[in-house]
1. Within the range 51-70, is there a residue that is assigned to a strand (DSSP E or B) and farther than 23 Å from Phe122 by Cα?
2. All but one of (1) touching a Gly at 6+ places or on another chain (Cβ under 6 Å); (2) within 16 Å of the ligand (Cβ to nearest atom); (3) farther than 14 Å from Tyr18 by Cβ; (4) in contact (Cβ under 8 Å) with a residue 40 or more places away in the chain hold for Gly146; state the number of the condition that does not hold.
3. Please tell me if Thr98 is within 16 Å of the ligand (Cβ to nearest atom) and hydroxyl-bearing (Ser, Thr, Tyr).
4. With respect to the numbered conditions (1) touching a Lys or Arg at 6+ places or on another chain (Cβ under 9 Å); (2) under 30 Å from Thr240 (Cβ atoms), which one is the sole condition not fulfilled by Gly202?
5. Hey, does the range 164-184 have a residue that's within 20 Å of Leu28 (Cβ to Cβ) and within 15 Å of the ligand (Cβ to nearest atom)?
6. Anything in the range 2-39 that is touching a Ser or Thr at 6+ places or on another chain (Cβ under 8 Å) and either at positive phi or crowded, with 24+ Cβ neighbours inside 10 Å (or both)? List them, or say none.
7. Are any residues in the range 66-92 within 16 Å of the ligand (Cβ to nearest atom) and either buried (at least 22 other Cβ atoms within 10 Å of the Cβ) or aromatic (Phe, Trp, Tyr) (or both), and if so, which ones?
Amino acid sequence: MEVGPGIYRAESNSEVVYALDCGGAHALVDVGGEAGVDEKLGQLEADGVDLDTVVALFITHCHQDHAGAVARLREEKSPRVVAHRLACEQLRYCPAYTPLEDSMVDYTVDQGDTVEIGELSFQVHHMPGHTPDTVAWQLGDGLFAGDILRCDGTIGWMDVHWGSCIGDYRSSLQRLLRLPVKRIYPGHGECGELTRDSVEEGLHRVDTLAQADGSLLTAMGRPAPRRPADVPTKIVRLPTVLPGA
Ligand SMILES: [Zn+2]
């Protein structure tokens with residue numbers, strides 16, 4: 001289903017992926033798990049997305065239900081995969097949830113970077129809390145948000161095993177309030193307007209969790225390492241043709 005100009009949404013197993021028309025080529029935001037990948041790709045094809053023009057895959061974070069089918073997609077379509085620099089680090093302490101290996105990621109990004117492909121330009125926002133490697137991809141006034149927030153204010157699951165951090169989550173949502181973003185495209189649920197109410201509901205949920213059952217998360221949740229001060233931001237320009245084409 002086209003949910004914005006050149007933005008196509010597909011869903012199965014409650015996982016949502018997006019295909020973005022970059023002008024003759026397409027980028028995906030997340031790919032979901034292996035179990036539902038064929039169904040989602042089939043929906044995109046039915047919407048007119050030529051899967052042979054999928055040249056890039058942006059990962060919001062390393063969980064199976066967002067990145068589980070990366071290896072399979074790389075085998076079949078060879079898109080360049082872009083993820084946060086901590087995405088593969090996750091594998092070292094949380095292999096049960098993390099399908100990404102170094103060899104599956106072509107480019108790593110961090111807070112403040114820009115990724116350009118064809119006619120589109122994405123701002124990278126590192127928004128840890130749900131996981132240390134969570135990236136929100138801003139395209140114009142839209143935000144591809146993964147598990148950070150749904151339209152109704154629902155937040156992502158928190159678990160110390162995959163590095164959730166209440167303090168990080170709170171500051172990420174507070175930054176979300178200040179972003180020039182009007183529309184949110186989450187990794188689960190419907191896309192729609194990003195309202196102050198929904199972000200404040202998310203903050204309320206984080207605070208409620210911290211008060212009710214957050215002692216472990218508060219004690220063990222460590223802030224994600226931020227971009228080192230001496231590392232400048234960069235612009236990654238992705239080609240709109242596949243390797244070897
Ligand atoms: Zn997740």
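1. If we filter the range 51-70 for residues that are assigned to a strand (DSSP E or B), which is where we start, we get 54-58.
From what is left, the residues that are farther than 23 Å from Phe122 by Cα are none.
No - not one qualifying residue is present in the range 51-70.
2. Among (1) touching a Gly at 6+ places or on another chain (Cβ under 6 Å); (2) within 16 Å of the ligand (Cβ to nearest atom); (3) farther than 14 Å from Tyr18 by Cβ; (4) in contact (Cβ under 8 Å) with a residue 40 or more places away in the chain, the lone unmet condition for Gly146 is (3).
3. Answer is yes for this residue.
4. Of the numbered conditions (1) touching a Lys or Arg at 6+ places or on another chain (Cβ under 9 Å); (2) under 30 Å from Thr240 (Cβ atoms), the odd one out for Gly202 is (2).
5. no
6. Result: Gly23, Gly24, His26, Val29, Asp30, Gly32.
7. His66, Ala67, Gly68, Ala69, Val70, Ala83, His84, Ala87, Gln90 - these are the residues of the range 66-92 that are within 16 Å of the ligand (Cβ to nearest atom) and either buried (at least 22 other Cβ atoms within 10 Å of the Cβ) or aromatic (Phe, Trp, Tyr) (or both).
The numbers here are math on the coordinates, done by the rules we state, and not lab data. Computed from a prediction, not measured in an experiment: that's the story for all the values here. With ideal geometry, Cβ positions are generated from the backbone for all residues, glycine too; neighbour counts draw on all protein chains shown.
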